[in-house]
Amino acid sequence: MRLGLHTRVGAGYDAAVAYAQRLGCTTLQFFGGNPKTYRVTPIDRPALQRFAAARAAAGIGPVAIHTSYLINLASEDGKTVVNSLRLLKNDLAIAAAGDVAYVNTHLGSYGKRDRKDGFASVVAALDDALAGIAPGVHLVMENSAGSGQLCGGTIEELGAFVRACGNHPALRVCLDTAHSWAAGYQIDSREGVERFFELVDRELGLDRVVMFHFNDTQIELGGHRDRHWHIGEGNIGVEGFRAIVAHPGVQGKIAILETPGEDEDDLRNVTTLRRVLDGITA
């Protein structure tokens, strides 16, 4: 497993690589643009190529882009879907220009819309994005905490999206541990983790899952709220993460920390998880 964290690129790509190196990361995740606006800017291909070269020299990869928080492929507002798809396609183009393997996205919310209609809207948008995807780039759906009318709150629904898109080989999945817990999957023990991955294998196939977001949470099991917390200090706990990293379904994948706080918190979380990993491999 390759361990990394969501890395700020506002100070430049070189600074992002240096930060990941300082923490001993072998992967990273970043925003391709401002995650709180529908505006896209021209793609700086030379800068992205230098970023790719710097990552390769540092042994960091594969890596992921996280799409804008505004993306909602299920919205009943057609303009929102059009803008969301434009953002998604732009990140896929950035990934192609910068040798980024994964573009990780939330799917959005059905809102007051009939779920069947919203589901069809998501499938149509995914099909559109996948039709022009570059070789080597993968569109990655992230599971949600399942609050309200959010898409992708269950493993079964993610599997339904995959099948509706014809099992497209470039359509993959990211599993967020905090979201999984909040959605009702009890992954704080070896037995619970085994049940979870059995479901994942049945509905998706373990190979369909290419990345994880490792976050603890203080939300109650099945609480359907998206709140991340420090590794080993929440309800999943050290034992839960120990069971997760030991599972064959995680081996060879990338894991990104999205825990809260500042630089010292990043260091603490990476150190904690590395100790968990060391305990598994010892």
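Coordinate-derived values only; no laboratory data. From a predicted model like this one, the values you see are computed outputs, not experimental measurements. Counting neighbours? That spans all protein chains shown, and the Cβs are built from the backbone with ideal geometry, glycine included.
Assorted remarks:
- With neighbours defined as other Cβ atoms within 10 Å of a residue's Cβ, the residues 226, 176, 127, 207 order from fewest to most as 207, 127, 226, 176.
- In this entry, the chain is assigned a mean projected area of 13.5 nm², taken as a quarter of its C-alpha convex hull surface.
- Restricting the calculation to Cα atoms, every distinct pair contributes to the Kirkwood radius of segment 151-282, found to be 15.0 Å.
- Fewest neighbouring Cβ atoms within 10 Å first, the residues 102, 38, 13 line up as 38, 13, 102.
- The chain: calculated mean residue ellipticity at 222 nm from DSSP helix runs of at least 4, using -39500 (n - 2.57): -13500 deg cm²/dmol
- Antiparallel bridges, percent of DSSP beta bridges restricted to the chain (to nearest 5): 5
- Net dipole in debye of segment 178-282 [+1 Lys, Arg Cβ; -1 Asp, Glu Cβ; about Cα centre; nearest 20]: 280
- Each 5 Å bin, from zero up to the one with the longest distance, holds this percent of the alpha carbon pairs of segment 1-150: 2, 10, 19, 21, 18, 13, 9, 5, 2, 0.
- Relative contact order (percent, whole number), the chain, Cα cutoff 8 Å, 6+ residue spacing: 16
- Note on residue 112: aspartates and glutamates with a C-alpha under 17 Å away, same-chain residues under 8 apart excluded, are 76, 77.
- Fewest-first ranking of 230, 106, using other Cβ atoms within 10 Å as the exposure measure: 230, 106
- Ranking 246, 149, 59 by Cα position along the charge dipole of segment 2-281, where only Lys, Arg, Asp and Glu carry charges on their C-beta atoms, puts 59 farthest toward the positive end.
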